[in-house]
1. Counting only residues that are open to solvent by 70 Å² or more (accessible area, probe 1.4 Å) and in a helix (DSSP H, G or I), which one in the range 9-24 is farthest from Ser65 (Cα to Cα)?
2. Contact list please: Cβ distance under 6 Å, first residue in the range 79-94 and among the β-branched types (Val, Ile, Thr), second residue at pLDDT 90 or above and assigned to a loop (DSSP other than H, G, I, E, B), pairs at least six apart or on different chains.
Amino acid sequence: LVRPLIDAIDTAGIEYFKNERRVTAEVSEARTAIFAKLAKLNELLEERRFVAGDKLTAVDILLASCLFQFDAAYLDAYFLRECEGYQGSILLSDAHPVLKAYLRDMYGFLKPSVRFGSYRHHFRLHKAIETTRQLYSCEILEDEIGRIPSIYDELPNLHAILESIEKHAGGRPRGTSA
């Protein structure tokens, strides 16, 4: 369940740059798969607190990490906000309300290890573009590079947003007992 989402995200981003920022059939299919998988996860988690049921597992940690990275970095790094099927980020919109609640819950477990800034920094976009250009002989114009989100762009304070949601939620997540 998580691996296909990660594969779709990677394919959408890597193939997009590999093909000189053209949306090929493979990129389009991967983008469609991302949003379909998010919708499926949103439905799955309506009925249970964690992916495998009532207990926190490694799959939940992997999924939460992937979704935190999705909002903090992948949406901008791979130009996913511009594609068909995009309804909004998980944490900053109400497009995926169950996933948003799930991430709020997971944030309670993972807070010390969640580093939104480092997710974006990991990409080091300008270096990645230069490497891509060298490996695949891509011609990327300088003004196009300027439009790509930088690791230094302002990132919303997702920690504050999650803590605010947690305060207003008033207690434990749906489906759990004290």
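The values are calculated or read from the model by the stated rules, or taken from the named source; none is laboratory data. Model, not experiment: these values are computed from the prediction. Cβ: placed from backbone, ideal geometry, glycine included. Neighbour counts: every protein chain shown. SASA here: full protein model, heavy atoms, side chains in, ligands and nucleic acids out. Shrake-Rupley method; radii C 1.70, N 1.55, O 1.52, S 1.80 Å.
1. Residues of the range 9-24 open to solvent by 70 Å² or more (accessible area, probe 1.4 Å): 14, 18, 20, 22-23.
From what's left, in a helix (DSSP H, G or I): 14, 18.
Values: Ile14: 20, Lys18: 25 Å.
So, considering only residues that are open to solvent by 70 Å² or more (accessible area, probe 1.4 Å) and in a helix (DSSP H, G or I), the one farthest from Ser65 (Cα to Cα) is Lys18.
2. Here the result reads Ile90/His96, each pair linking the range 79-94 to a residue that is at pLDDT 90 or above and assigned to a loop (DSSP other than H, G, I, E, B).
For every residue, the table says whether it meets (1) of a type in the set (A, V, I, L, M); (2) within 15 Å of Lys100 (Cβ to Cβ); (3) part of a helix (DSSP H, G or I).
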{"residue": "Ser28", "(1), (2), (3)": "no, no, yes"}
{"residue": "Arg31", "(1), (2), (3)": "no, no, yes"}
{"residue": "Leu38", "(1), (2), (3)": "yes, yes, yes"}
{"residue": "Leu56", "(1), (2), (3)": "yes, no, no"}
{"residue": "Leu67", "(1), (2), (3)": "yes, yes, yes"}
{"residue": "Phe70", "(1), (2), (3)": "no, yes, yes"}
{"residue": "Leu75", "(1), (2), (3)": "yes, yes, yes"}
{"residue": "Gly85", "(1), (2), (3)": "no, no, no"}
{"residue": "Gly88", "(1), (2), (3)": "no, yes, no"}
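To keep it simple, each residue is scored yes or no on (1) more than 20 Å from Tyr119 (Cβ to Cβ); (2) within 13 Å of the chain's Cα centre (by Cα); (3) open to solvent by 30 Å² or more (accessible area, probe 1.4 Å); (4) charged (D, E, K, R).
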position	(1), (2), (3), (4)
Arg3	no, no, yes, yes
Asp7	no, yes, yes, yes
Val27	yes, no, no, no
Asp54	yes, no, yes, yes
Gln69	no, yes, yes, no
Gly88	no, yes, no, no
